[in-house]
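Below: the structure, in structure tokens.
The values are calculated or read from the model by the stated rules, or taken from the named source; none is laboratory data. These numbers come from a predicted model, not from an experiment. Cβ atoms come from the backbone with ideal geometry, glycine included; neighbour counts cover every protein chain shown. Accessible surface areas use protein heavy atoms only, side chains included; no ligands, DNA or RNA. Shrake-Rupley method; radii C 1.70, N 1.55, O 1.52, S 1.80 Å.
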Amino acid sequence: MAGRWKNDLTRADVTPHAAYVNRRQLLAGGTALGLGAIAGPGLAAADPELNSWEEITSYNNFYEFGTGKDDPARHAHKMTTEPWSIEIDGLVERPGKYDFSDIMPEMAVEERIYRFRCVEAWSMVIPWNGFELADLLNMAGVKDGAKYVAFQTLMRPEEMPGLRYPVIDWPYVEGLRLDEAMHPLTIMATGIYGKPIPKQNGAPVRLVVPWKYGFKSIKSIVKITLTADEPPTSWNKYSAREYGFYSNVNPTVNHPRWSQAEERRIGGGLFAAKQPTLMFNGYEAEVAALYDGMDLRKFH
Ligand code: MTE
């Protein structure tokens, strides 16, 4: 069931890609245009504009292809994404390997313009195309007793040169609480800017949870498991002190090595002022109730 969440932005608010590029040229020429006028109302104040296709697809984290920001764009073309299947197992009524080409006709794909905040204190505004994760989980049928959802990325060493380096404990795994996974803001993205999602961004399907730090948005998903217990997550295994299971964007809880109060918007220029980070990345009204009564410092 798509459309349960009402975005305040519609397709009409999206800066056409060509216009965006032209606008950047104008800005680069030193013309101070009224920033904020083009972005839709929901993003106007803190988010001057969408990031460009170039920025979104050439500055990436996808450690399976290497740890440099340009490694994914250089190496991800080696990844075979067709055919693709997602195994859904654990506490579900209909476990099995779901072919991606069978899943897609059942899903309602829509555009979602979301803020994206990396734990490293940089951010973008991205026009995703995707479907609600809840629809996919309902397709498999969630059983009583399921409380968490675990995700796993493809692990194919012959196509992913970064897997040679034990930076993290491969495969890349992530997890959400079931109510977070079922929240209408949580999507499985299959596109950016109306085009199929590039491989460096997690083709053919990646998770997007806009109120959490970017590392929760696991790419190129091959497996989803419904569990009763909290599943392990890659960055939490790497350093539990630095990366909690929840990892909700929170300007008042700093990373042990840097402040999370502000962020640098990619494309804003090297000397652009940082902007304040918003509680739950600006989605407080929609998601704060999920964490009622929880100590957000403890469950970071
Ligand atoms: N998923 C996998 N499988 N491997 C990764 O290294 N990096 C995460 C997340 N998902 C990562 C991943 C991090 S740290 C971030 S910030 C985002 O992907 C980056 O997404 P982007 O490259 O599309 O901006």
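Residues in region 251-265 that are in a strand (DSSP E or B) and more than 20 Å from the chain's Cα centre (by Cα): 1 in all.
Take the conditions surrounded by fewer than 20 Cβ atoms within 10 Å (Cβ to Cβ) and within 12 Å of the ligand (Cβ to nearest atom) and apply them to TYR238. Does it pass? Judged against the criteria, TYR238 is a match. Among the residues of region 179-204, just one is away from the ligand (no atom under 13 Å from the Cβ), open to solvent by 30 Å² or more (accessible area, probe 1.4 Å) and in a helix (DSSP H, G or I), namely ASP179. What do you reckon, is ASP70 within 19 Å of the chain's Cα centre (by Cα), surrounded by fewer than 21 Cβ atoms within 10 Å (Cβ to Cβ), within 15 Å of the ligand (Cβ to nearest atom) and within 23 Å of GLY194 (Cα to Cα)? For ASP70, the condition - within 19 Å of the chain's Cα centre (by Cα), surrounded by fewer than 21 Cβ atoms within 10 Å (Cβ to Cβ), within 15 Å of the ligand (Cβ to nearest atom) and within 23 Å of GLY194 (Cα to Cα) - is met. The set of residues from region 282-300 being in contact (Cβ under 8 Å) with a residue 40 or more places away in the chain, assigned to a helix (DSSP H, G or I) and not charged (D, E, K, R) comprises GLY282, VAL287, LEU290, TYR291.
Can you tell me which condition ILE103 does not meet? The list is (1) out of contact with any Phe, Trp or Tyr (no Cβ under 6 Å at 6 or more places or on another chain); (2) touching a residue at least 40 places away in the same chain (Cβ under 8 Å), and all the others hold. Against the list (1) out of contact with any Phe, Trp or Tyr (no Cβ under 6 Å at 6 or more places or on another chain); (2) touching a residue at least 40 places away in the same chain (Cβ under 8 Å), ILE103 comes up short only on (2). In region 88-98, what count of residues is obtained for those that are loosely packed, with under 15 Cβ neighbours inside 10 Å and either assigned to a strand (DSSP E or B) or within 14 Å of the ligand (Cβ to nearest atom) (or both)? Qualifying residue count for the region: 2. Filtered by the rule that a residue be among the aliphatic types (A, V, I, L, M) and farther than 24 Å from GLY66 by Cβ, region 159-202 gives LEU176, LEU178, ALA181, MET182, LEU185, ILE187, MET188.
Residues are listed down the side, and each one gets a yes or a no for (1) within 16 Å of the ligand (Cβ to nearest atom); (2) acidic (Asp, Glu); (3) farther than 30 Å from SER101 by Cβ; (4) surrounded by fewer than 18 Cβ atoms within 10 Å (Cβ to Cβ):
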| position | (1), (2), (3), (4) |
| --- | --- |
| LYS223 | yes, no, no, no |
| GLU242 | yes, yes, yes, yes |
| HIS255 | yes, no, yes, yes |
| SER259 | no, no, yes, yes |
| GLU263 | yes, yes, yes, no |
| GLY267 | yes, no, yes, no |
| PHE271 | no, no, yes, yes |
| GLU284 | no, yes, yes, yes |
| ASP295 | no, yes, yes, yes |
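Tally time: how many residues in region 99-134 are farther than 22 Å from PRO184 by Cα, more than 16 Å from the ligand (Cβ to nearest atom) and either basic (Lys, Arg) or buried (at least 18 other Cβ atoms within 10 Å of the Cβ) (or both)? Result for region 99-134: 0. The set of residues in region 136-157 being outside any loop (DSSP other than H, G, I, E, B) and surrounded by 18 or more Cβ atoms within 10 Å (Cβ to Cβ) consists of LEU136, LEU137, ALA140, VAL142, TYR148, VAL149, ALA150, PHE151, GLN152, THR153.
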